[in-house]
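Encoded as structure tokens, the structure appears first; notes follow it.
Read the figures in this text as sums done on the coordinates, not as results from a lab. Note that the structure is predicted; figures quoted are calculated from it, not measured. When we count neighbours, we look across all protein chains shown, and the Cβ atoms used for this are built from the backbone with ideal geometry, even at glycine.
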Amino acid sequence: MTLIRLSPLIVSLAGLLVSFDLVVRKQHDDYLDSWRSDGEPHGFFWIPRESRNRLGLPRLSSTGARNKCAWRWLFMTADWARADVGVHRMLIAYRVFMLLWILAIASLTLTG
């Protein structure tokens, strides 16, 4: 499989992960109470100090919160995110990148 055939998959996955991280970081920085009530999620690349254990690794509870937010934010927009135009746009980008990633996988699967 050539890199050219994989590039839509790589680009869409990178966009998906980065856009999610941007939303989580914004929630942490500007909507701390909401971030805490969501279980203190971390991003895929960005991990705040509060989400780390004594060894510096992500806490399992924060990873679970990340996974929960990753699914929930595909289908729902929280009030704090709806009120912030920048976050709302990042969530739309996150959803678009997820759709592109699914289409890229489907394309690779169907074309062999």
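Could you list, in sequence order, all residues of segment 91-111 that are more than 11 Å from residue 15 (Cα to Cα), surrounded by 13 or more Cβ atoms within 10 Å (Cβ to Cβ) and touching a Pro at 6+ places or on another chain (Cβ under 9 Å)?
The answer is 103, 104, 108.
Residue check: is residue 29 farther than 30 Å from residue 104 by Cα and touching a Cys at 6+ places or on another chain (Cβ under 9 Å)? Working first, answer last.
On the way: farther than 30 Å from residue 104 by Cα: yes; touching a Cys at 6+ places or on another chain (Cβ under 9 Å): no.
No; evaluated as a whole, the condition is false for this residue.
Where in segment 1-80 are there helices (runs of 4 or more DSSP H), lying wholly inside it, with at least 1 residues that are surrounded by 12 or more Cβ atoms within 10 Å (Cβ to Cβ) and of a type in the set (Val, Ile, Thr)? Working first, answer last.
Details: elements: 3-30, 32-37, 60-75.
Hits in segment 1-80: 3-30, 60-75.
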